[in-house]
Each structure stands twice: as structure tokens, then as C-alpha cells.
1. Restricting attention to segment 133-149, which residues are open to solvent by 40 Å² or more (accessible area, probe 1.4 Å) and either among the β-branched types (Val, Ile, Thr) or without any contact (Cβ under 8 Å) to a residue 24 or more places away in the chain (or both)?
2. Is it the case that residue 200 is under 29 Å from residue 102 (Cβ atoms) and touching a Ser or Thr at 6+ places or on another chain (Cβ under 7 Å)?
3. Please verify whether segment 170-183 includes one or more residues that are open to solvent by 40 Å² or more (accessible area, probe 1.4 Å), outside any strand (DSSP E or B) and within 23 Å of residue 23 (Cβ to Cβ).
4. Would you point out the residue of segment 13-66, among those that are closer than 23 Å to residue 180 by Cβ and touching a Phe, Trp or Tyr at 6+ places or on another chain (Cβ under 6 Å), that is least open to solvent (accessible area, probe 1.4 Å)?
5. Restricted to segment 261-313, and to residues that are hydroxyl-bearing (Ser, Thr, Tyr) and either within 15 Å of residue 211 (Cα to Cα) or outside any loop (DSSP other than H, G, I, E, B) (or both), which residue is most open to solvent (accessible area, probe 1.4 Å)?
6. Would you pick out the residues in segment 164-190 that are over 17 Å from residue 134 (Cα atoms) and without any contact (Cβ under 8 Å) to a residue 60 or more places away in the chain?
7. Which numbered condition in (1) surrounded by fewer than 21 Cβ atoms within 10 Å (Cβ to Cβ); (2) of a type in the set (Gly, Ala, Ser); (3) farther than 17 Å from residue 169 by Cβ is the only one that residue 9 fails?
8. If you go through segment 134-159 one residue at a time, how many are closer than 27 Å to residue 269 by Cβ and either among the β-branched types (Val, Ile, Thr) or in a helix (DSSP H, G or I) (or both)?
Amino acid sequence: MTTLTMAGALNAALRDALTEDEKVVVFGEDVGTLGGVFRVTDGLMRDFGDDRCFDTPLAESGIVGFAIGMAMSGYKPVVEMQFDAFAYPAFEQIVSHVAKLRNRTRGSLTAPMVIRIPFAGGIGGVEHHCDSSEAYYAHTPGLKVVAPSTVADAYSLMREAIADPDPVIFLEPKRLYFSKDDIELTKNEPIGTAVVRRPGTDVTVLAYGPTVSVALQAAEFAAEDGRSVEVVDLRLLSPFDDATVAASVRKTGRCVVVQEAQSFAGVGAEIAARVQERCFHHLHAPVLRVGGLDIPYPAPKLEHFHLPSADRVLDAIERLQWNDTPDLSTAVSV
């Protein structure tokens, strides 16, 4: 067992991948000499040389375009976008080329790369530094989208992402970078499964990335009132683990989806639709969503109003028609 922060676990995963495979390269803005804004790449350029880990110009589209060429040539690039909204200039490269290369060439060329994106809020950051942009990527066929919530998953999912033959968008919750845990540095199964973080019998709460801890806190409070809450950590948004989610919801009969992104047209809406399509005859109440407000990301002093909280999750749980009296007003998001 090793005690690491999430940033340290990601660093260990990159370090191990660089050691095991000479085709792995790490690059992006300030990832070399500085070691990254959040020190995720600390020491990699020193230990592996500036041909394996190096800084780039401040040009996200160029970073991803360069990575595409390297991937087509047999390398496994791992690139950092530094902050979530900084990735938008590279969006055309990601959607038009990274995601479509395998299909466009009928499999003769692939793009095995990892695009690391520190995402979401909770750090007192400002606009362009706290976006939850997962819906853009999850909506794009050809991309795998991963969002770890624990230190152990940060390590294992990064190792799996680098080993994957297809491009992976790796969303790293900024507020969890310095969370700490004792973990084993082991790889798990290939990317593709959600996990039950807390078993329960009354209601399923689905969460990912930074909202898993919020869901677990809400489950603790709900238990004090006699509600047994099952918390499922999705871990990845595409491909989506319908089997684990459906099994949980069919057992509990109720479901709340928690996301930090704005609620309208978000990943939570897709998840809610998938749940009702597969679990309709098992549901005792409409699937509810708890998400960010439908506004641009607020100023640091106001972000706590925007971010989902345990109280807002508990409010949603209480609105799940426990008395079995139909109430159509509960079908809206909160």
C-alpha cells in the first residue's frame, strides 16, 4: 500500500507508463520544467528526458494536432489541456479528427492517445478554469470519456486509458487533486464498468468525478433519517455501463442523477433517459436530476450556490414520492 494524493497517483501512473513503454510521450503547456499547474507531471521531464516529457507553445489546437500525427506514427501521446475551458480551441481537432480517424480509415489508422483535462470547480477559480465540459465529449462517437473520483481509480484508469487502442478524454476533478488515500498501484479491468460505492435498498444515486463524494455525504445524512441510499460511481461516461446502473435502479425503484455541469442538455439528462427506458416498470417515481445552475460559471465567492451539495441531493431524494401519491411537479430537475 502507498499513500498518495490523486495528483500523485496520476503522476505515478504516467511514470509507470513511461517506464514500461518507450512509445508513451507526455506533453502540453507547462508540463515539463514546471511539472504542471497541479504538479501532476512533476519530475517526469527530469527523469525521462525532454524527448519523452516536454513543454509546448500555448496552442491547444496545435498540441492535439501534433498528438494526432504522433499517434498515427505509432506513439502513445498523453497531452494536457491545463484547464477545462482551455481545451475549446482544440475541439475541432478532437471531434473532427481524433474521434473519427479509426472510422475514416476503416481501421487502418487509429489514434491511441489520452487527452487529460482538469475539469469542474470547487477550487475558487474563475471563468475558463472551472467548466464541466463532459457532455461535449460524451456526445461524440469515437471517444471514451473517463472521470475518476478516487485516488485508486485515478491511477488504474490512467493506466488503462494509456493502454487503450482508442482515444480517451480523461477528466480529472481539480478539487480532488490533493485528496489522499492508501492505494495499491495496480491496473484493473479494461475501461468499461461502474462501481457501487455504497450499497442501499431505497434509492440509487448516480454520480461521477467530483460529485461522488457529495452523493456519499448525502447518503450518510439520509441514513440518519432511515433512508438506505445506494451510491453508484459511474467512473466513465462513454461507453456507459447500463448493466450496473439498471441493476441498481431495478433493485431500489428510485433514482437521482448528480452532475456538477449545468442541468439543461447535460450528461445527467441522457442518464435519466437511459434509466427510464430500461427500468420504467421498476420505478416508483420519476428520475430526478441535481446539477449546476444554467448559468456561466459564477465568481469564486458565489460558486457554492452553483455547485450541487448534499442538501440539494437530500431534497431530491425527499421528492421521490415516498407516499406513492403521484405528483407531476417532481419531474423537473433541481
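The values are calculated or read from the model by the stated rules, or taken from the named source; none is laboratory data. Nothing here was measured: the structure is a model prediction, and the numbers come from that model. Don't worry about glycine lacking a Cβ; one is built from the backbone with ideal geometry, like all the others, and counts go over all protein chains shown. Just the protein is used for accessible areas: all its heavy atoms, side chains included, with ligands, DNA and RNA removed. Shrake-Rupley method; radii C 1.70, N 1.55, O 1.52, S 1.80 Å.
1. Correct list: 139 only.
2. no
3. For segment 170-183, residues open to solvent by 40 Å² or more (accessible area, probe 1.4 Å), outside any strand (DSSP E or B) and within 23 Å of residue 23 (Cβ to Cβ): absent.
4. Taking the candidates together, the pick is 13.
5. So, considering only residues that are hydroxyl-bearing (Ser, Thr, Tyr) and either within 15 Å of residue 211 (Cα to Cα) or outside any loop (DSSP other than H, G, I, E, B) (or both), the one most open to solvent (accessible area, probe 1.4 Å) is 309.
6. Those that are over 17 Å from residue 134 (Cα atoms) and without any contact (Cβ under 8 Å) to a residue 60 or more places away in the chain: 164, 165, 186, 187, 188, 189, 190.
7. Among (1) surrounded by fewer than 21 Cβ atoms within 10 Å (Cβ to Cβ); (2) of a type in the set (Gly, Ala, Ser); (3) farther than 17 Å from residue 169 by Cβ, residue 9 violates only (1).
8. 12
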